[in-house]
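These notes are about the structure you will find just below.
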Amino acid sequence: MQSNNKKTAVALSSVFWSIFLTAIKAVVGFLTGSLGILSEALHSLLDLGAAVLTFFAVKIGDKPADKEHHYGHLKIESISALIESALLFLTSFWIIYEAIKRLFFEKIQVEVTWYAFLVIIVSIFVDISRSRALMKVAKETNSQALEADALHFSSDIWSSGAVLLGLFCVYFKIPAADTLAALVVAIIVLRAGYKLSKRTFDILIDTAPEGVEDLVREIGEKNNNVLSVERVRVRHVGTITFVEISICVDRNLSLERAKEIGKGIEEEIKNKVRNADVTIREILSIN
């Protein structure tokens, strides 16, 4: 319960900060005509949508298993992360479209003011603070949704830096720099979207977490009472790693002793694999 409260609190704080950043960037972007700042405003707007998704994902995702959902509701975090990936791609395509228009078809005068610099600097400090807070809780709770939200704020740091550099260049009479800065933002957002979507797809299609299967098999095989490890299956759902392992033991052992061996292996797996839900199947040897 404490873990869920921590996740919900940090997710809700991201919603409020996203509203603040979207508002100030949009106002300054329209006042100055800067595509770089407007692209950042849109980026923050989509971050707001993602933050809202994350908030509901962590609230619903931590519900326990029920009659209809035997493995719980944790995959809702992955669905949330997938939607966030799509939003990142949409942001990038809009920025690229507007940048091409400004570079080749439209000439828009960008007004560089002190508050244009201020809003980007404030944004960078907020993004650093939020990304660290989100990633800290994401690692503590193994939350994919919070990790995705942290990735959003982290990518904002680099894109805001590019916009800040673009504003400096425009101030020194290089007008195309603002549009080029917006293109840098688009590339950063595309990269973040690709990384996030790849991880999310891996979880949704039950890709085995790297190295876990080998570790589980090693734990089973090193037990002196295990003749062989017949099968290992591993999948990651939200914060939980589900592990299924079938072990072959001597048929002369009592059923109670076989269960004890399985219980010992289960405990060792749980000690080595974080948040593991382990199912052991003991098979008596034929010979």
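The table below gives the values:
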{"read-out": "For Thr241, Thr279, order by how many other beta-carbon atoms lie within 10 Å, fewest first", "value": "Thr279, Thr241"}
{"read-out": "Segment 21-39 versus segment 258-276: alpha-carbon centroid distance in Å", "value": "54"}
{"read-out": "Inter-probe distance in nm under a simple model that places probes 7 Å from Cα toward Cβ, at Glu230 and Leu253", "value": "1.3"}
{"read-out": "Dipole magnitude of the chain about its Cα centre (Cβ charges: Lys, Arg +1; Asp, Glu -1), debye to nearest 20", "value": "340"}
{"read-out": "Computed [θ] at 222 nm, deg cm²/dmol, the chain (DSSP H ≥ 4; -39,500 (n - 2.57); rounded to nearest 500)", "value": "-25000 deg cm²/dmol"}
{"read-out": "Label-to-label distance, nm, for residues given as Lys222 and Phe30 (7 Å Cα→Cβ offset)", "value": "6.3"}
{"read-out": "Peptide ranges 48-56, 261-269 listed from the most packed, as the mean C-beta count within 10 angstrom indicates", "value": "48-56, 261-269"}
{"read-out": "Listed residue pairs exceeding 32 Å between alpha carbons, taken from Lys6/Lys195; Lys6/Lys259; Lys25/Lys198; Lys7/Lys272", "value": "Lys6/Lys259"}
{"read-out": "Residues with amide H under 5 Å from that of Ser34, placed H, sequence gap 5 or more", "value": "Glu111"}
{"read-out": "Cα gyration tensor shape of segment 96-237, rounded if a/c is under 1.5, else prolate or oblate by comparing a/b with b/c", "value": "prolate"}
{"read-out": "Kyte-Doolittle mean at least -1.0 and Cα axial length at least 18 Å: DSSP H helices in the chain", "value": "2-32, 35-61, 75-104, 114-141, 144-171, 176-204"}
{"read-out": "Dipole axis of the chain (+1 Lys, Arg; -1 Asp, Glu on Cβ), positive-most option in Thr91, Phe104, Ile240", "value": "Phe104"}
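Bear in mind that the values in this text are calculations on the coordinates, not laboratory data. Predicted model only: the values in this text are computed from it and were never measured. Cβ sites come from the backbone with ideal geometry, for glycine too, and all protein chains shown count toward neighbours.
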